[in-house]
Structure formats: structure tokens, C-alpha cells
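See below for the structure under consideration.
Readers should treat all values here as calculations from the given coordinates under stated rules, not as data from a laboratory. A quick note: this is a predicted structure, and the numbers were derived from the prediction, not measured.
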Amino acid sequence: MAAQLAGLAVLGTLLAADGGDNPAFRTLGSAGSFATSGEAIAVMFDPTITEAELRAVVSGIGGRLVDGPTTTNAYVLEVPAGRSSDALEKLRAQSKVRLAEALGPRPEATTDAKPKP
């Protein structure tokens, strides 16, 4: 658990420092970055992963790539609603996956959300 927390802190620091030439800062989990109907997962792969291996990992969890890579080599994957726990378990078991953390359900993916008065 401590290693995951440390990895998440490193990922957050790297993503915050990744300003690049784009003046509009947005996080990987920010609303409106892509249309979705499931749950988002942030993933960092081993830099030596091939495209074929990356595709196999993503399809193996029933997911799809929806954003990335950033300059820190992070991607956002989407998995069907309610499947993120299983997907995270499978991702973390892969030798080419360095970090996998749930970003949670996307606001537009929540069907029972009620506006606040």
C-alpha cells in the first residue's frame, strides 16, 4: 500500500510538472477530456513495451486507450463500469506495467447523478 501511495505521489508530481508548450493545464482525469461510459484508470508502462504488448494488455482487461501518452509516459484507459477492480488486479500482475491506479467513474458516466439544489 505504501509503494502504491508513493507511486501515485510520483505520478502526480510528474504530471503537474508536465506543462509542455500547452498553456491550458489539465489533469488526466479532468472532465471533458474524452467521452466515456465507464471507469478511468491511469497507467504507466515500462518504456520497453512494444505496441503489440500494449495492445494485448489493454484488450486483456477489456479496456480501451482514451488519452496519452504524456511526456511522463502515462496513459488513461477506460474499462466498463464496475470492472476497474478486476482490471487493476490484471494490470498490476503484468510485468510491463509500472503503475496502475483508478481515477474512478467519469462524471458523465454516472447515470444516477442528481444535480445539487
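Run the numbers for E89 and S59: contour at 0.36 nm per residue of separation, minus the present Cα-Cα distance, in nm.
Working it through step by step, the gained length comes to 9.4 nm.
Given H placed 1.01 Å from N in the peptide plane, which residues other than close sequence neighbours of L103 have an amide H under 5 Å from its amide H?
A40, I41, A42
Short version: ³J(HN,Hα) in whole Hz for each residue of region 82-96, in order, from phi by Karplus 6.51 cos²θ - 1.76 cosθ + 1.60 (θ = phi - 60°), x for Gly and Pro, what are they?
Couplings: x, 10, 5, 4, 5, 4, 4, 4, 5, 4, 5, 7, 7, 5, 8 Hz.
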